[in-house]
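A short worksheet on the structure shown next.
The values are calculated or read from the model by the stated rules, or taken from the named source; none is laboratory data. Model, not experiment: these values are computed from the prediction. Because the Cβ atoms are built from the backbone with ideal geometry, glycine has one as well, and the counts that use them run over all protein chains shown. Accessible surface is based on the protein model in full, side chains and every heavy atom, while ligands, DNA and RNA are left aside. Shrake-Rupley method; radii C 1.70, N 1.55, O 1.52, S 1.80 Å.
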Amino acid sequence: SRFETCWPALMKDSHGVIIIFNPELPSHLKEIEMWYSCFVQQQPLLDSQCLLVAHHKPGSAGDTENLSLAYPLNKLKLIHSNLEEDPEDVRMEFLKYFRSIITIINESREREEMSIIS
């Protein structure tokens, strides 16, 4: 895409990646593999630093709730967002995700400090 030249700048020093997609579009399911490969695997980030969000548009078919993604995407945390029905649930999942990222950052900072001391 025409934004690919910007990707290195976007990725620099990033601690987490959230990939939001429309589960009803087969093209999106292919694209998220590319996003995961570029933004998570090549960085490299841990899988726990990536969150997949299957966003359901208002009035869309809800049968994609039991979405089964292929490896390696099936290792990632996947949440379904439907802001009409359950915005609070999505908010709680985001908070959990951000807390886990902060924990990872703090742990790596502590490791760096210990390696400087020793």
Starting from the Cα of SER115, step 7 Å toward the Cβ, then list every residue of segment 38-53 with an amide N under 17 Å from that point. 43-46
Pick out which of VAL53, VAL90, VAL40 has the largest mean-square fluctuation in a Gaussian network model of the chain, springs linking Cα atoms closer than 10 Å. VAL90
To the nearest 10 degrees, the tilt of helix 87-117 (Cα long axis) against the first principal axis of the alpha carbons of the chain is 20
Helix 26-36 vs. the chain, principal-axis angle (Cα, 0 to 90°, nearest 10): 0
Compute the accessible area per residue over the chain, keeping the other protein chains in place, probe 1.4 Å, unit Å². 69
Stokes-Einstein D for the chain, Kirkwood Rh over Cα pairs, 10 °C, 1.306 mPa s (µm²/s): 100
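Considering only protein heavy atoms and a probe of 1.4 Å, how much of the accessible area of segment 10-117 is carbon and sulfur, as a whole percent?
Details: 4060 of 7110 Å².
Roughly 57 percent, rounded to a whole number.
Would you mind getting me the FRET efficiency between ARG91 and LYS57? Use the beta-carbon distance for r and R0 = 30 Å, nearest 0.05.
Details: r = 18 Å, r/R0 = 0.62.
The computed FRET efficiency comes out at 0.95.
Ranked highest first by the average count of other Cβ atoms within 10 Å around their residues, in what order do 68-79, 103-114 fall?
Numbers: 68-79: 13.5, 103-114: 10.8.
Peptide ranking by packing, descending: 68-79, 103-114.
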Can you compute the helix-only [θ] at 222 nm over the chain? Use -39500 (n - 2.57) per DSSP H run of at least 4 residues, normalise by all residues, nearest 500 deg cm²/dmol. -13000 deg cm²/dmol
